[in-house]
Amino acid sequence: MHPAALPIELLLKEVEFRTTRGPGPGGQHRNKSDTMVRLTHKPSGISAQAGERRSLDLNRSEAIRRLRRELALALRSPIAAGTVLAPSELWRSRVSKAHRIAVSVGHDDFPTLLAEALDVVARFDDDLAKAARTLDVTTSQLVKFLAREPAALAAVNRRRAAKGLHAFQ
């Protein structure tokens, strides 16, 4: 299972949790307690932080969301060439009969779905048409989904450009 897809309780077992005081301006309330949260995924070294709020709990939740997104972007779960691919139950639950995927960037499922999409795209060597067919969406829907996280589409386009393929907008 991809780390971005782990339930939060299991993900946190793989994470180093640190709190600090936030830097910068903010007046008398900013630096009274350690509310900035930094999470580091120990197996991969990937980290995320949040410190915009005065609440440790809110910053912790935001740091977890950011860490899951970073894990989805950075880590690929290799799929062997002979493996029969089928979308996960979660993916299928988000795809309509019109082959459109519906999930907002802020939803807890987004990093899991992003990781799955990027794994399938990587399996097909950045051929988005083949990946889209496997995921039971249209190519334009897959591109729109990846574009919701600009870093994901940018990474795919960089790899495609290196292979002499056109970029998607």
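Taking the C-alpha atoms only, the angle from helix 56-74 to the longest principal axis of the chain is near 30 degrees.
Relative to a virtual label point 7 Å from the Cα of residue 99 in the Cα→beta-carbon direction, which members of region 138-169 show backbone nitrogen distances below 20 Å? Those under the cut-off are 138-148, 168-169. Cβ-to-Cβ counts within 10 Å put 46, 64 in ascending order as 46, 64, the fewest first.
Expressed as a fraction of 2.2 N^0.38 Å, the value expected for a compact globular protein of N residues, the C-alpha radius of gyration of the chain is 1.16.
Helix 110-123 and the longest principal axis of the C-alpha atoms of the chain enclose an angle of approximately 40°.
For residue 58 and residue 161, a Förster radius of 45 Å and the Cβ-Cβ distance give a FRET efficiency of 0.70, rounded to the nearest 0.05.
Bridgeable lysines around residue 42 (alpha carbons under 19 Å apart, same-chain partners fewer than 8 residues away excluded): 13. A Cβ-based charge dipole, computed about the Cα centre of region 89-162 with Lys and Arg at +1 and Asp and Glu at -1, lands at about 300 debye. Dipole check for the chain: with +1 at the C-beta of Lys and Arg, -1 at the C-beta of Asp and Glu, and the Cα centre as origin, the magnitude is about 400 Debye.
A straight Cα-to-Cα reach below 24 Å connects residue 144 with the lysines 97, 130, 163, residues fewer than 8 places away in its own chain not being considered. With each label modelled as a point 7 angstrom along the Cα→C-beta vector, the residue 124-residue 40 pair spans 3.8 nm.
Rule-based calculations on the coordinates, nothing more; no lab input. Computed from a prediction, not measured in an experiment: that's the story for all the values here. Every residue, glycine among them, receives a Cβ derived from its backbone with ideal geometry; neighbour counts consider all protein chains shown.
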